[in-house]
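Shown next, in structure tokens, is the structure this report addresses.
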Amino acid sequence: MVLGDPDMVADIIPVDFVVNDTLAAAWDICTGPASFRIYNSASSRLNPITFQEIGKYVQDFAAVSPASKALFT
């Protein structure tokens, strides 16, 4: 089930990208001159995915690999 508009594109970024961006920003802050900085990280439009597609992938995965200790069905 998707709450909201299922046709909206989700801005999903892999966790390793987020960690790399965080480390790069920390290095930049520690080694650069003191100034006001803004960092931004976002996905591109090259490979969009909608919330509806994500929901389908999750349902398909749950059908193949159900959780052994699920709290709900």
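The values are calculated or read from the model by the stated rules, or taken from the named source; none is laboratory data. Small disclaimer: the values here were computed from a predicted structure and weren't measured. Here Cβ is always computed from backbone atoms with ideal geometry, including for glycine, and neighbour counts include all displayed protein chains.
Remarks
- Qualifying residue in the stretch 27-43 (condition: outside any loop (DSSP other than H, G, I, E, B), under 20 Å from the mean Cα position of the chain (by Cα) and modelled with pLDDT of 90 or more): no
- Residue list for the stretch 10-25, filter: exposed (fewer than 11 other Cβ atoms within 10 Å of the Cβ) and outside any loop (DSSP other than H, G, I, E, B): VAL15, ASP16, VAL19, LEU23
- Within the stretch 26-57, the set of residues being surrounded by 12 or more Cβ atoms within 10 Å (Cβ to Cβ) and not hydroxyl-bearing (Ser, Thr, Tyr) comprises ILE29, PRO48, ILE49, PHE51, GLN52, GLU53, ILE54, GLY55, LYS56.
- Flag for GLN52 being part of a helix (DSSP H, G or I) and either out of contact with any Pro (no Cβ under 8 Å at 6 or more places or on another chain) or not polar (S, T, N, Q) (or both): no
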